[in-house]
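Let me begin by presenting the structure, written as structure tokens, before commenting on it.
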């Protein structure tokens, strides 16, 4: 057998397989480099067209959405700088946003006691003390279980309900009745906050409950719920919720 015939018969399959593996390895490496390059290319600071807000996409796949302060009058209005924070991922032609972990969790404590007269159940809601907080912007709901009739709502942080509607456990919900959003447009702020569910009193005779909501500050209740939001990638920048965001750095 000649050398040429030996090479064709025995060595050529190994040569072809080696070339194929080399080619595939090169392709995977190239795609990985393109993926990393794509993230680095998209990452940066983007200014909204009205200059009011800035979207920051970090190379580590985290993002922060900031409010830009523009002084238009002598009045000083308390505002939270951070509108949203979380994670972002890039796919072909668009970006997907995701909330941070424990986005909806609310820290709270409950103090129980007995009060007269005992034909009613009394509640006092305590929110964090800050200049921007206004109790009138919220409605408080107590939902007994088992539910006997309608659940109880109040615009006042101190209220009472009839003991005839009381159950074994109760849930507590806060409703934001004055979200900060433009008329006719989608509100990214949460309207309802489920503080806790089915709390069972430690003492069956307790009829006065002081509920302190520890983390319910302005930055918490005004935070934007952006889980699952998509942002379009265009040549001019990013396109989100009807606005263009141009890259500034």
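Each reported figure results from applying straightforward, stated rules to the coordinates on display, with no laboratory input. Just so it is clear, the structure is predicted and the values come from calculations on it, not from any experiment. Heads up, the Cβs are rebuilt from the backbone with ideal geometry, glycines too, and the neighbour counts pull from every protein chain shown.
A few points about this structure:
- Of all the residues in region 189-220, those that are surrounded by 12 or more Cβ atoms within 10 Å (Cβ to Cβ), more than 29 Å from the chain's Cα centre (by Cα) and assigned to a loop (DSSP other than H, G, I, E, B) number 3.
- Among residues that are surrounded by 12 or more Cβ atoms within 10 Å (Cβ to Cβ), within 24 Å of the chain's Cα centre (by Cα) and more than 21 Å from residue 240 (Cβ to Cβ), residue 176 is included.
- Extreme residue, farthest from residue 171 (Cα to Cα), among residues of region 77-103 that are exposed (fewer than 13 other Cβ atoms within 10 Å of the Cβ) and in contact (Cβ under 8 Å) with a residue 60 or more places away in the chain: 93
- Criterion (part of a strand (DSSP E or B) and farther than 28 Å from residue 43 by Cβ) met by exactly one of 178, 160: 160
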